[in-house]
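Only one structure is covered here, and it is reproduced in the block below.
Taken together, the values in this text are just the output of simple stated rules run on the coordinates, not laboratory data. All figures in this text were calculated on a predicted structure; none of them were measured in a lab. All Cβ positions, glycine included, derive from the backbone under ideal geometry; neighbour counts span all protein chains shown.
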Amino acid sequence: MKRRLNLIASMLHDPPILLCDEPTVGIDPQSRNAIFDYLLMLNERGKTIVYTTHYMEEAERLCKRIAIIDFGKIIAEGTIDELIEKLPYDETILITKNQITDAKIDILKQFGSIIDEDDHFQLKPNTGFQLSQFFSSLEKHSISYKFVELHKPTLESYFLHLTGRRLRD
């Protein structure tokens with residue numbers, strides 16, 4: 001309630017710019033979504049919102065332009081699509097391990113390199129990979145799409161690519 005009250009109080013004098021510094025830290029999912037809806041509504045009505053967060057999925061959901069700051073300096077900026085496009089790799093495909101996929105994994109190797117993980121196979125697609133051909137092959141070989149997950153690059157993967165995965169002080 002305090003977070004929502006702070007947000008409403010900040011709007012009483014109708015400022016042209018709203019600064020939100022981690023407005024969803026420590027709140028329940030319903031309040032979090034109510035804040036998102038309110039911010040999106042304000043932005044649609046022309047309000048400029050500067051939103052700081054450590055939660056990349058929030059930035060992906062709410063922000064049109066992103067600036068990634070590391071050690072106090074902007075190290076990347078642009079739209080989500082512009083930033084993710086800079087990643088040196090594309091989407092990966094996860095295939096659940098089971099009797100069907102274990103028996104037919106060699107069929108899928110034509111589409112890229114396969115990494116054998118604990119409970120799934122990870123497919124890193126070849127250059128020129130065609131998703132339609134991949135799914136057509138799955139259907140042809142009676143492999144259900146329910147065993148397949150597409151993972152596209154995210155803002156978080158780009159952030160970690162730029163800043164590293166090492167824990168910092």
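Computed FRET efficiency, Cβ-Cβ of Phe129 and Glu77, R0 45 Å: what is it to the nearest 0.05?
Working: r = 29 Å, r/R0 = 0.66.
Calculated transfer efficiency: 0.95.
With r defined as the distance between the Cβ atoms of Phe36 and Arg166 and R0 fixed at 41 Å, what FRET efficiency is calculated, to the nearest 0.05?
Calculated transfer efficiency: 0.85.
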Projected onto the charge dipole of the stretch 59-135 (unit charges on the beta-carbon of Lys, Arg, Asp and Glu, signs +1, +1, -1, -1), the Cα from Thr79, Gly128, Phe111 with the largest positive-side position is that of Thr79
The list [x] 0.97; [y] 1.02; [z] 1.10 gives values of Rg/Rh (Cα atoms, Kirkwood Rh), and only one came from this structure; which label was calculated from it?
[z]
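Let me spell out the model: positive unit charges on the Cβ of Lys and Arg, negative unit charges on the Cβ of Asp and Glu, origin at the Cα centre of the chain. What dipole size does that give, in debye rounded to 20?
Values: 21 positive and 26 negative charges, 55 e Å.
Computed about the Cα centre, the dipole is about 260 debye.
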Eligible lysines near Lys64 by straight Cα distance, threshold 18 Å, same-chain separation 8 or greater
Lys47, Lys86
Check cross-link reach from Lys146 to the lysines: straight Cα distance under 25 Å, and skip same-chain residues fewer than eight apart.
Lys97, Lys104, Lys109, Lys124
Spin-label zone in the stretch 104-129 - amide nitrogen under 19 Å from a point set 7 Å from the Cα of Thr92 along the C-beta vector:
105-106, 108-129
